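Worksheet for the structure shown next.
The values are calculated or read from the model by the stated rules, or taken from the named source; none is laboratory data. All figures in this text were calculated on a predicted structure; none of them were measured in a lab. Positions of Cβ are backbone-derived with ideal geometry, glycine not excepted, and every protein chain shown enters the neighbour counts. Ligands, DNA and RNA are excluded from the accessible area calculation, which covers all protein heavy atoms including side chains. Shrake-Rupley method; radii C 1.70, N 1.55, O 1.52, S 1.80 Å.
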Amino acid sequence: MDRILLSTVAYRSPEEVFPYVRSFTDYPRYTEHLKEVTVHGDGGVGSVYDLRLAWWKLSYTARSKVTAISAPNSLEWRLINDIDARGEWRVEAEPEALPADADTDAETASRIYFEAVYDPYSANENAISLPRFVSLDWVIEKVEPRLLGEAEAVVERLVADIEQRSTPRDVELTVHEVP
């Protein structure tokens, strides 16, 4: 299994951060490859999200199910089609992370963690309509290095939304583990 784990600080409380983390239908704004998100359910545990992805000549709809929520600190998910993958968004109060000269009116800060654990070779080759002469191994070789960059982009843009700044700040990401 491969794993991506990264974190960053948002200058808001966990109670203010968590609704943004939980709002998967807004995620297409955070990455160019996620085209659309459709929710089946109320967004709580058991809700299923269809995530329509497109890259190069490929398109694919991943189905993600919310498996646990402990607001405002944790949301766990797993893919329910075609690939073995699961993950978690975690939000922890981190008041000491608020710099004295921060350009914000926030009184506290939160550390946001994004974790994804997956087996790229568990992918169902029949689930993706591959162009002629293109193998699933080739696709995995091209896509896997991009996953960390995509996760970083999502987290950076998520923080910009959370903080609602007129001028986004540079977000420092901590990469704890990569595939």
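The residue that is modelled with the lowest pLDDT, among those in the stretch 78-97 that are surrounded by 16 or more Cβ atoms within 10 Å (Cβ to Cβ) and in a loop (DSSP other than H, G, I, E, B), is Asp82. For the stretch 1-38, a residue qualifies if it is under 22 Å from Tyr118 (Cα atoms), among the aliphatic types (A, V, I, L, M) and in a strand (DSSP E or B), and the qualifying residues are Ile4, Leu5, Leu6, Leu34, Val37. Taking the listed residues Tyr60, Tyr11, Tyr20, Tyr30, the one that is open to solvent by 50 Å² or more (accessible area, probe 1.4 Å), of a type in the set (Phe, Trp, Tyr) and either touching a residue at least 60 places away in the same chain (Cβ under 8 Å) or under 20 Å from Gly149 (Cα atoms) (or both) is Tyr20, with no other qualifying. All of Leu158, Leu130 fail the test of being modelled with pLDDT of 80 or more and under 20 Å from Lys35 (Cα atoms), apart from Leu158.
For Thr25, state whether it is loosely packed, with under 15 Cβ neighbours inside 10 Å and of a type in the set (Val, Ile, Thr). Spelling it out, Thr25 is indeed loosely packed, with under 15 Cβ neighbours inside 10 Å and of a type in the set (Val, Ile, Thr).
Selection of first residues in the stretch 149-164 that are part of a helix (DSSP H, G or I) and of second residues that are buried (at least 17 other Cβ atoms within 10 Å of the Cβ) and of a type in the set (Lys, Arg), restricted to Cβ pairs under 8 Å at least 6 apart or on distinct chains, gives the following pairs, ordered by first then second residue: Ile162/Arg12; Glu163/Arg12.
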